[in-house]
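Please read the structure below before turning to the comments.
Laboratory data are not the source of any read-out in this text; all were calculated from the coordinates shown. It should be emphasised that the depicted structure is a prediction, and the values quoted were computed from it without experimental measurement. Neighbour counts are summed over all protein chains in view; Cβ atoms, including those assigned to glycine, are modelled from backbone coordinates with ideal geometry.
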Amino acid sequence: MVAELLDEGGPSPEVTAKGRDGLAGLTVPVAVRRHARWTKPALAAGLVAASVAGLMTWNAAIGGGYGGEAAPTRSAPTRPAPPPEPLMSARTILLAAAENLDKTPSKGAYWYTRQIVGDQVRPIGADYVIERGTEIQNWIPVSPKEYHWIVMRETGAKPATSADQTAWRRAGSPDRWQVTASDALGVSGKPIPVDVITEKIKSVPVPAAAGEPFAMPASLRPGWTGFVPGAKLTPAVLRGLPTDQADLKSRILGWLSSAGIKDADQRNERLFNIGSNLLAADPAPPKVRAAAYQMLAGLPGMRSLGTVTDRLGRTGRAVAVRRDDGPDGPRREERLIIDPVTGRLLATEEIVLRPDDVHVASRSAPQRPGQVVRFSVMLDARWTDEAPVLPKKRYNVDKNGNPKKPECARC
Amino acid sequence: MEPRMIAPPGVAAVPDDDATVIERSRHEPDRFTVIYDRHFALIYRYVAARLGRDVADDIAAETFYAAFRRRDRFDPARGAVRPWLFGIATNLVAQHRRDESRRYSALARAGDAAPAAPGHEDRVTERVAAEGIRPQLAAALAALPPGDRDVLLLIAVGGLGYEEVAQALEIPGGTVGSRMNRARRKLREALGGTDPTRDEGKSHG
């Protein structure tokens, strides 16, 4: 009776679409969105002469290497590949990484990371795939009173492989593309609201050229909080994590249990994900990172891919897990690429093994085997006392460039 | 809800339960649109019921913007995503008390017939019976203390269970029960004995 008295019905398609656009404006700041998007955008500038430019342009744009404070300018691709060696098991690779990792206690006000996150996607109407990326810098503060700042910059887009480049030339070498909103928005977990909301396929442009850097607070409240099922991570919580792998695993399993995650496959997948984040992304102490490697070494289904190169051409040893078993076998593979010398995480990749039919339902672009649907290459990751260096262009800030006030007390 | 394995376009399979989506949106903000797609209509309906469609057009979307901004603070140990969103929506509604009471005043005016809600044709008889007591019901709603009204409307309109209301408002389960009983009693008094919350669970749960 109360419900009927008050019922005004559901939202109109226009209101739903407008709200969704508004949300997209937050997830991808408006000015940036015109160029590409937030987390999975693109690679180097200078695509017009793309032939050989690819990786070289990347590295020029990227600058210093990922060698820690001691070797700040090591340029990755110039490093000689190690001699051929017998295939190491995944367990050996991971345990060696734990061993090789520098375990000097961490000191610094911020955990600073610089990485390029990107993906490969088929533009609308194209018979080739492009690769795009965004450089992301994170200053994760140890202090709960300081803000976590993120600085991002689109690094551009280019054809993914030499075959793609040939097809791209045949298509007249366009310097911008349209990708479907479902791809651009990085994916709803269900078919994109093509019919439900807009009645048509939405698309966004992706230019070949790189974008301007911009900054934003990761949250409108100070401090860093990481979320895993069943626990809230803070720098203090990470500092207190066990440095013994069995204890670390028990702790994480305790979180998962309290979040109701009890299925063995799901627990293993979460252990992999949470463990992987501890390797570089999260502000964990070195000994916890080493324990995370050892924990990963004990997970079922870890495969060795031997010696590989990452998106930047850096040599590393890779381990992988296969996920999402379809009728013909697993559909995707998640890879961790590890520096064989320092034990540091160089890159993560998610690769299509067998395309599925989802794109048909969602009308997003079809995938092909081997397509890298998500990658992250770590350029720098270290503790530092140096305060964030922020560009002028910022989002979610007040007129002084500081984080905006939150809307209300609880949100 | 048990996480399901779904292979979405562009990214291949990921577990897509709400909490996982929010977890992933910490580093991949655009994934948050999944939460919007799943819950927008529900939140809109709730906000529109309390504030009318005009205000709801903005406030329903604002609920998701606020949720997105605090996504790294979503705590799955304290409840599911749906009550969390309803809690944020209720906070935003609270900032529009004037719109809300204006709405109840309008509904309380005799002869100010509300448009029939779609999809309720099979309940015409009940609705006709309800038409006669609409003014009193609306007036009684307006007279409820805000906290009691929040509980009542989260249950009757939002379709939340008691436990979810407790999560949404961050209050003990016992408080939800006592507020609901009080609200129900007041409405019943205003209507001369008819329980206006009867059947709400069935039709909107």
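Worth pointing out:
- Its convex hull of Cα atoms gives region B:33-101 a direction-averaged projected area, equal to a quarter of the hull surface, of 4.4 nm².
- Among A:Leu5, A:Leu278, the ranking by other beta carbons within 10 Å of each residue's beta carbon, starting with the fewest, stands as A:Leu5, A:Leu278.
- Amide H to amide H distances under 5 Å link A:Val228 with A:Leu233, where only residues 5 or more positions off or on other chains count and H is placed in the peptide plane.
- The three principal axes of the C-alpha atoms in region A:119-171 carry coordinate ranges of 54, 18, 12 Å, sorted with the longest axis first.
- Spin-label zone in region B:48-83 - amide nitrogen under 17 Å from a point set 7 Å from the Cα of A:Glu14 along the C-beta vector: B:53-61
- Three-way shape label, region A:229-284, alpha-carbon gyration tensor, a/c 1.5: prolate
- Shielding by partners for peptide B:42-51, expressed as the average number of C-beta atoms from other protein chains within 10 Å of each residue's C-beta, is 4.
- 3J(HN,Hα) along region B:101-107, derived from phi through the Karplus expression 6.51 cos²θ - 1.76 cosθ + 1.60 where θ = phi - 60°, amounts to 5, 4, 5, 5, 4, 5, 5 Hz, with x in place of Gly and Pro.
- When each of A:Asp119, A:Asp398 is scored by the number of other beta-carbon atoms lying within 10 Å, the sequence from fewest to most is A:Asp398, A:Asp119.
- A Förster radius of 25 Å combined with the Cβ-Cβ distance from A:Ala167 to A:Thr92 puts the calculated FRET efficiency at roughly 0.05.
- Take the Kirkwood radius over Cα pairs of region A:285-404, plug it into Stokes-Einstein at 4 °C and 1.567 mPa s, and you get 74 µm²/s for translational diffusion.
- Summarising the amide proton neighbourhood of B:Asp17: residues at separation of 5 or more, or on other chains, whose placed amide H is nearer than 5 Å comprise B:Arg4.
- Among A:Leu336, B:Leu144, a tally of other beta-carbon atoms within 10 Å of each Cβ gives an order, fewest to most, of B:Leu144, A:Leu336.
- Potential lengthening between B:Ala139 and B:Ser105 on full extension [0.36 nm per residue; Cα-Cα distance subtracted]: 11.6 nm
- Amide H partners (placed H, <5 Å) of A:Leu305, local residues excluded: A:Ala318, A:Val319, A:Ala320
- In loop segments of region A:97-163 as defined by DSSP, the trypsin sites (Lys or Arg not before Pro) with at most 11 further C-beta atoms inside 10 Å of their C-beta are A:Lys107, A:Lys145.
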